[in-house]
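Working notes, beginning with the structure itself.
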Amino acid sequence: MVERTMWCWWWGWNPEKLENWLEEKERQGWNLVAVNMSSVGFRLKQGEPRQISYCVDYQVNPTPEYYSILVDDGWELAWSGYGGWHLWRKPYSNHEPRPFLYTENQPIIIRTRWDQGLTAFFMLFFLGISGLAVFGSEIVFASLFGIISLIFGYFFIRFYQYFQRLRN
Amino acid sequence: MSEHKLRNKYIPMTETAYYILLSLMQPRHGYGIKQHVRELTGKRLDIGAGTMYSTLSRMEKDRLIIPVKEENRRKIYQISDKGRELLEAEISRLKKLYEHGLGQLEGGI
């Protein structure tokens with residue numbers, strides 16, 4: 001059996017990219033075996049083509065109820081990563097629509113995820129700035145502050161666009 | 001949460017919330033609710049498992065539903081008095097919508 005590590009560069013704001021990529025790989029007969037620690041490297045084994053829906057979910061401290069509801073509904077947990085990321089999969093036939101975890105965009109979920117994402121961003125941003133202030137010289141501080149602000153600005157906009165898409 | 005705030009939050013109700021509360025007139029667990037809703041709506045409404053979990057968690061937090069027991073690590077829920085009041089308010093709103101619609105159609109628009 002041939003096994004390969006393939007890479008999919010997905011981010012929190014575009015989980016659909018990973019979901020569609022994995023579904024396409026399964027259709028081509030590349031079955032997911034494991035996800036590596038980076039969350040972007042995927043161990044795939046050549047086997048039978050399968051029709052499987054993949055869904056990324058974000059749940060911080062889910063209760064046992066979360067797992068039982070999803071497993072009862074035929075979902076299998078393929079991977080769970082740092083900070084609450086979960087990857088679920090479920091086989092389906094040609095005669096039924098692709099299953100999804102969420103059938104309704106509930107404003108409260110969107111708001112909660114937005115709040116969580118925003119909190120994480122600002123924590124990282126201030127950690128970066130504090131680190132620079134403590135360890136960097138004035139010139140290094142000024143230039144790196146600008147670069148970090150640009151990077152975080154970019155991430156912030158991409159996340160904002162993702163939540164706008166969810167909302168719509 | 002005050003009754004006023006709860007009404008603002010849940011009414012008008014989403015189809016998911018409406019059918020979940022309706023299903024919990026009888027004690028049921030998450031997957032049991034999903035199956036019941038599918039049956040009741042002739043497979044038209046199939047609530048996603050993620051949507052089911054998040055809606056149940058929210059309703060439990062707002063005390064619209066209460067866990068009555070646990071079987072095989074699955075919580076069995078039932079509608080609370082507060083949930084029932086909210087459901088009745090929504091049914092009365094829907095009834096008015098229906099009557100207005102019917103009245104306008106029959107009377108000619």
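For the list (1) at pLDDT 90 or above; (2) surrounded by 14 or more Cβ atoms within 10 Å (Cβ to Cβ); (3) within 27 Å of residue B:57 (Cα to Cα), I need the number of the one condition that residue A:42 fails.
The failed condition is (3).
Output the qualifying pairs, or none if there are none: Cβ atoms under 6 angstrom, residues six or more apart or on different chains, first residue in segment B:29-48 and over 16 Å from residue A:96 (Cα atoms), second residue among the β-branched types (Val, Ile, Thr).
Filtered contacts from segment B:29-48: B:29/B:76; B:30/A:69; B:33/B:20; B:34/B:47; B:37/B:47.
Does residue B:70 satisfy being within 10 Å of another protein chain (Cβ to nearest Cβ) and modelled with pLDDT under 95?
Numbers: within 10 Å of another protein chain (Cβ to nearest Cβ): yes; modelled with pLDDT under 95: yes.
For residue B:70, the condition - within 10 Å of another protein chain (Cβ to nearest Cβ) and modelled with pLDDT under 95 - is met.
Scan segment A:13-38 for residues that are surrounded by fewer than 18 Cβ atoms within 10 Å (Cβ to Cβ) and part of a loop (DSSP other than H, G, I, E, B) and jot them down.
Within segment A:13-38, A:14, A:28, A:29, A:36, A:37, A:38 qualify.
Hey, among A:19, A:76, which residue is over 30 Å from residue B:71 (Cβ atoms), under 19 Å from the mean Cα position of the chain (by Cα) and within 14 Å of chain B (Cβ to nearest Cβ)? Steps first, please.
On the way: A:76 fails: over 30 Å from residue B:71 (Cβ atoms).
Among A:19, A:76, only A:19 is over 30 Å from residue B:71 (Cβ atoms), under 19 Å from the mean Cα position of the chain (by Cα) and within 14 Å of chain B (Cβ to nearest Cβ).
Take the residues of segment A:43-61 that are closer than 20 Å to residue B:49 by Cβ and without any contact (Cβ under 8 Å) to a residue 40 or more places away in the chain: which is farthest from the other protein chains (Cβ to nearest Cβ)?
Selected residue: A:54.
Within segment B:21-36, how many residues turn out to be aliphatic (A, V, I, L, M) and within 11 Å of chain A (Cβ to nearest Cβ)? It would help to see each step written out before you state the result.
The first filter runs over segment B:21-36 and keeps only residues aliphatic (A, V, I, L, M), leaving B:21-22, B:24-25, B:33.
Then drop every residue that is not within 11 Å of chain A (Cβ to nearest Cβ), which leaves B:33.
Residues meeting the conditions: 1.
Since residue B:93 meets every condition but one in (1) within 28 Å of residue A:70 (Cα to Cα); (2) more than 10 Å from every other protein chain (Cβ to nearest Cβ), which condition does it not meet?
Every condition holds for residue B:93 apart from (1).
The values are calculated or read from the model by the stated rules, or taken from the named source; none is laboratory data. This one's a predicted model, so the numbers in the text were calculated from it and none came from an experiment. For neighbour counting, all protein chains shown are included, and Cβ atoms are generated from backbone atoms with ideal geometry for every residue, glycine included.
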